[in-house]
Amino acid sequence: MDSSSAQKIVNKPLLPTSYSLLPTFQFSQSSLQDFETCPRRFKLRYLDRLRWPAVESEPVREAERLAQLGTDFHRLVQQHVAGLAEEILNQNLAESDPSLRIWWQSYLQYRPTLAAGTRLYPETVLSVPLRGYRLMARFDLLAVQPDGRFLIIDWKTSLHKPERDNLARRMQTRVYPYVLALAGTAFNNGQPLDPAAIEMIYWYPASPDQPEHFPYSAQLRQRDEEFLSNLTEQIKHAVQTATFPLVEDKKTCTYCIYRSYCDRGQTGGPLAELADETVTELDLSSLDWDQIAEIQF
Ligand code: SF4
């Protein structure tokens, strides 16, 4: 057996041919996005639970640096939102990656302006029922303004800010306001939230003066309820019938970590050409989420 054959066997373990979603399975914007992008990716990640078989982008060392940068930036902002003084955080940054210091200065200068008296809830997790399962959302920051507006702020640490249309199509842009509209009563004195009071904001240190704002509404909530219910039913049907086709457009595979399982190449795409909207982001901040208590409604 030559080495390439051995490699293929290592990369393709025997996998089950029938599947089921555990009753405790929770949908998230990531899992829904994965299914919509490529049903096979959903299967490999959430049913086979395979992890990191291929490098997502090249060069590897730089990709790892950027991932760590994203994690460090989220932690830094979380500490600031929690009330740690800028002077202390500045001192801690003295020996850090210069890129982190630049992002931090951009944050201090350009972060979204919040009115005095705004209540801040960093790293907030909410979930709502969805077709027999639960749909969860993890907010980097929920800001409740004195005027009754609810801002969901997401710190995005990818290299490039996507076009607004691409952001608007993202699952996250639908799931986060939808979940807050249904599960946010605890932040509104026990009263239901008016969807029109919710706004999703993406803020990029790479484009600090160009945040993207997405106001929500009752019409969008209704649209998203139908969309998410329909998508969840599609996933349930795919699981029942074990039908997980590979995405047709092979460009999608360029930055997918599962390329080797699908015979879609062994080498990651170039980091410099990373198209933010088509890939799993180089943002490992989610690895910390396991430590965060979930609030269920
Ligand atoms: S490599 Fe392509 S076909 Fe395979 S899981 Fe990833 S996106 Fe889907």
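Since every read-out is calculated from the coordinates, none of them should be taken as a lab result. Bear in mind the structure is a predicted one, so any value in this text is a computation, not a measurement. So basically every Cβ, Gly included, is an ideal-geometry build from the backbone, and we count neighbours across all protein chains shown.
Quick notes on this structure:
- Stokes-Einstein D (µm²/s) once Rh is taken as the Kirkwood radius of segment 105-248 over alpha-carbon pairs, at 25 °C in 0.890 mPa s: 149
- Using a simple spin-label model with pseudo-atoms 7 Å out from Cα toward Cβ, THR243 and GLN105 lie 5.6 nm apart.
- Order of THR243, THR173, THR37 - criterion: other Cβ atoms within 10 Å of each residue's Cβ, fewest first: THR243, THR37, THR173
- Summing Lys and Arg as +1 and Asp and Glu as -1 over all other residues whose Cβ lies under 9 Å from the Cβ of VAL77 gives a net charge of +1.
- In segment 24-296, a dipole from Cβ-located charges (positive for Lys and Arg, negative for Asp and Glu) runs towards its positive end, and of SER229, ALA218, SER106 it is SER229 whose Cα lies farthest in that direction.
- ³J(HN,Hα) computed for each position of segment 142-151 - Karplus, 6.51 cos²θ - 1.76 cosθ + 1.60, integer Hz, glycine/proline x: 10, 10, 9, 7, x, 7, x, 8, 10, 9
- Counting neighbouring Cβ atoms within 10 Å and putting the fewest first, the residues SER127, SER217 line up as SER217, SER127.
- Environment charge of LYS250, counting only residues whose C-beta is closer than 14 Å and scoring Lys/Arg +1, Asp/Glu -1: +2
- Seen from ARG149, the other residues with C-beta closer than 14 Å to its C-beta sum to a net charge of -2, counting Lys and Arg as +1 and Asp and Glu as -1.
- Share, in percent, of DSSP beta bridges within segment 24-296 that are antiparallel, nearest 5: 60
- Segment 102-235 - share of DSSP beta bridges that are antiparallel (%, nearest 5): 75
- Overall Cα dimensions of segment 24-296, principal axis frame, Å, largest first: 53, 46, 33
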